[in-house]
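Some notes on the structure that comes next.
The values are calculated or read from the model by the stated rules, or taken from the named source; none is laboratory data. Treat the numbers as computed from the prediction; the structure is a model and nothing was measured. Cβ atoms come from the backbone with ideal geometry, glycine included; neighbour counts cover every protein chain shown.
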């Protein structure tokens, strides 16, 4: 059975979804030279600092954090989780990422799974760590004016699923990747720009594409597409244990209360991490300072 139905829909039928779940459960943490090389590259480029790791409980967790520009956070934190925290959280991606068969297979082989309730439930029942960014694609293309601000709208799904399985939510904040690139043009400004008019004539942009999910036009280190080597800071807040809610469907007020606790923990981490970064500015090399101008 193929993962997709005849309309190339990753959720086309139950059999396709079950195959996705089976493949997701079969994935093992990457080992060997490639995994070590990835970690060494991240350490060299971004010199990340992990704060509050002692707060992470031993039991499996649902790690919840702020999404960074172009979703580059995964490339930074996954090697840190594996090599410094000895955890392998399974990142949950938006459904549209799995609409192409080849891309879907690549994502699955690298531990990334579809953000679907049944997929999440299956991984939780298998006692695996999960990683979710409730802001999704919208938060990953936010304008520079909203750096390090959560863009969650009215999303409560991650709280519902964690509560139903009695999971622990582990809030975290990440500072750095939002500044890997300057924004030459914000995504929402693109359709009305000269470049946007050209892309419209070429058929790249059309009226069905929402402007709030268009990415900015980026400029990285020295005006290239190479990310600026901004130093990264990853901080963990207080765990929120939902064991007492296991098997229960929560009222809206309770969902709101738990979500507010999670977002407050993340926002507190972001504030503290931005301060920590300023305190460590003096330790950055002259080369790093030059390449992040």
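Quick notes
- Within region 68-96, being under 14 Å from residue 233 (Cα atoms) and touching a strand residue (DSSP E or B) at 6+ places or on another chain (Cβ under 9 Å) holds for 68, 73, 74, 76, 77, 78, 80, 81, 84.
- No other residue among 184, 174 is surrounded by 19 or more Cβ atoms within 10 Å (Cβ to Cβ) and either not assigned by TED's automatic domain parsing to the domain that holds residue 130 or not in a loop (DSSP other than H, G, I, E, B) (or both) apart from 174.
- Answer from 234, 255 - the residue that is assigned to a strand (DSSP E or B) and either touching a residue at least 40 places away in the same chain (Cβ under 8 Å) or not assigned by TED's automatic domain parsing to the domain that holds residue 60 (or both): 234
- Here residue 242 does not fit the description of being assigned by TED's automatic domain parsing to the domain that holds residue 189 and surrounded by 13 or more Cβ atoms within 10 Å (Cβ to Cβ).
- Test for residue 163: is it farther than 25 Å from residue 288 by Cβ, touching a residue at least 24 places away in the same chain (Cβ under 8 Å), under 14 Å from the mean Cα position of the chain (by Cα) and in a helix (DSSP H, G or I): no
- Residue within region 110-132 that is modelled with pLDDT under 95, within 23 Å of residue 254 (Cα to Cα), assigned by TED's automatic domain parsing to the domain that holds residue 78 and assigned to a loop (DSSP other than H, G, I, E, B) present: yes
- Of all residues in region 269-293, those that are within 16 Å of residue 179 (Cα to Cα) have Cβ atoms under 6 Å from Cβ atoms of residues that are assigned to a helix (DSSP H, G or I), 6 or more apart or on another chain, in 291/221.
- Among (1) farther than 19 Å from residue 66 by Cα; (2) in contact with a helix residue (DSSP H, G or I) (Cβ under 9 Å, 6 or more places away or on another chain) - the single one residue 253 does not satisfy: (2)
- Flag if residue 158 is outside any strand (DSSP E or B) and in contact with a strand residue (DSSP E or B) (Cβ under 6 Å, 6 or more places away or on another chain): yes
- Qualifying residue in region 54-63 (condition: over 21 Å from residue 157 (Cβ atoms), in a helix (DSSP H, G or I) and at pLDDT 95 or above): yes
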